[in-house]
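Below is one structure, written out as structure tokens; comments come after it.
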Amino acid sequence: MSPARSTPGCPPAAEMVHATSSSLLLLLLSLALLAPGISARKCLLTGNWTNDLGSNMTIGAVNDRGEFSGTYLTAVADTPNNITKSPLLGIQNNTVYQPTFGFTVQWAFIESTTVFTGQCFMDRNGKEVLKTMWLLRSSVDDIDDDWKATRVGNNVFTRLRSVKE
Ligand code: BTN
């Protein structure tokens with residue numbers, strides 16, 4: 001069989017295949033290099049947040065074990081008159097770009113505790129949103145009242161931007 005000969009302006013089949021696979025390789029390489037920058041901006045818990053009830057919370061730096069602390073100012077409470085900022089303590093999954101997390105708020109102005117669990121999402125517009133569920137444990141004097149001492153609900157948090165931004 002005689003080898004494929006090129007005619008001017010028309011490369012032989014082998015050369016065309018070679019050129020096509022090289023371009024494909026180049027394309028894949030550029031995509032691999034560019035993709036991380038285009039897609040995944042990691043969802044971060046650190047900062048100021050507000051929720052659908054109007055409560056505000058501030059989360060400090062997350063350490064390399066995923067632990068964080070902060071403060072929570074609830075907009076609603078069983079005793080709404082003396083609400084003060086309360087401490088929170090939490091931990092997040094530190095490896096993925098939309099981490100799951102949990103934190104506990106020990107209410108400073110009333111004998112009750114709330115645990116939140118949720119996930120930090122990047123929404124379709126690139127905005128961070130925390131989808132959470134919570135359990136609020138109130139203190140009851142009598143063990144017979146235990147059945148009514150825990151409430152459950154959900155909150156959605158969005159980032160509070162400072163006026164400078
Ligand atoms: C209490 O009333 O016992 C303490 C305050 C509880 C506030 C709850 S926690 C769940 C929900 N989300 C909020 O931001 N506030 C309420």
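The values are calculated or read from the model by the stated rules, or taken from the named source; none is laboratory data. Just so it is clear, the structure is predicted and the values come from calculations on it, not from any experiment. Positions of Cβ are backbone-derived with ideal geometry, glycine not excepted, and every protein chain shown enters the neighbour counts. We work out accessible area using only protein heavy atoms, side chains counted, and drop any ligands, DNA or RNA first. Shrake-Rupley method; radii C 1.70, N 1.55, O 1.52, S 1.80 Å.
A few notes on this one:
- The set of residues from segment 96-118 being more than 24 Å from ASP64 (Cα to Cα) and in contact with a Leu (Cβ under 7 Å, 6 or more places away or on another chain) comprises SER112, THR114.
- Residue ID - most open to solvent (accessible area, probe 1.4 Å), chosen from residues in segment 43-70 that are more than 9 Å from the ligand (Cβ to nearest atom) and out of contact with any strand residue (DSSP E or B) (no Cβ under 9 Å at 6 or more places or on another chain): ASP64
- Residues that are touching a residue at least 40 places away in the same chain (Cβ under 8 Å) and within 30 Å of ARG41 (Cα to Cα), drawn from segment 133-156: ASN155, VAL156
- Test: VAL140 is under 19 Å from THR71 (Cα atoms) and modelled with pLDDT of 95 or more: no
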